[in-house]
């Protein structure tokens, strides 16, 4: 019996040490758990409940069932803001992906000072969106803006009233979105640098030119990165708010009235928190469905290394 107890002491000591490690582990992550429960999970659950109520912050919520969702489906402004956001996403996301990929190809070249250029191209991504929106407001000025001056110097024609013309305000916001391609560019650059050089060497030996190597090797090998950037771009475009809020306030004539701007006004201008919560969950459903569709389609055009066609 004494021998058994002696032999069991290391096991008991090991279990005690494991228990202490588990306790310390949960103590260290406790601040994150509390922050997640209080500032993330609770607001999400509360907004889902509020979406079925009439809630104006100043008064307690009252149950309304599906009234908020039915009201939104009958609201023409809701559909208009959704269409504006959809058009912006359909135009800006592919444009940003193409430009980010081209910039990544150039910045992947082994040339002097290339690290400095990479930093310069990525720098706009880390700048505050509000500050850059004010900057672009001055750039789009019809008489004194740099963009208007550049158009006059090249063509001799006067540039459009970018932010004051309903036909040009959405293209102006699309042009402004190009400013933030640095994040997608860095991800593309990482994908390009992960492509084995032996593939290019083998293709070059077989006589493939630069265009053929890019089409047969580069594009398939970075297709998972394209998928990632596409999903991130769709999510980011659907949440566009700061730029139209600062530049146009949704005008002129609701031409830049984005979905999140309508949601914000319902919540904080009209204090219709229940209606705004319903809008948020509808947007969540749209983004979720779009993401699932993109993932379903990825089996046809995304190639992962090692797969057999």
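FYI, it's all coordinate maths here, none of it is from the lab. Nothing here was measured: the structure is a model prediction, and the numbers come from that model. Using ideal geometry, Cβ is built from the backbone for each residue, glycine included, and neighbour counts are taken over all protein chains shown.
Of 87, 205, 286, the residue with the greatest mean-square motion in the GNM of the chain, using alpha carbon springs below 10 Å, is 205.
Relative to the compact-globule scaling 2.2 N^0.38 Å, provide the ratio for the alpha-carbon radius of gyration of segment 5-105.
2.08
Note on residue 154 and residue 14: the extension gain reaches 42.7 nm, defined as 0.36 nm multiplied by sequence separation minus the Cα-Cα distance.
Label sites at residue 268 and residue 249, each approximated as a point 7 angstrom past Cα along Cα to Cβ, lie 1.5 nm apart. What FRET efficiency do you get for residue 296 and residue 99 if R0 is 35 Å and r is their Cβ-Cβ distance, rounded to the nearest 0.05? The value I calculate is 0.85.
Test of understanding: in a Gaussian network model of the chain with alpha carbons linked when under 10 Å, which of 14, 155, 85 would top the mean-square fluctuation ranking? So, out of 14, 155, 85, the one fluctuating most is 14. Fully extending the segment from residue 91 to residue 106, taken as 0.36 nm per residue of separation minus the present Cα-Cα distance, adds 3.1 nm.
Within the listed set 38, 147, 181, the residue fluctuating most in the Gaussian network model of the chain (springs between alpha-carbon atoms under 10 angstrom) is 38. Across all Cα atoms of the chain, the radius of gyration (one decimal) and Dmax (whole number) stand at 26.5, 101 Å.
The stretch between residue 34 and residue 239, if pulled fully straight at 0.36 nm per residue, gains 71.2 nm over its current Cα-Cα span.
Dividing the Cα radius of gyration of segment 94-246 by 2.2 N^0.38 Å, with N the residue count, gives 1.26.
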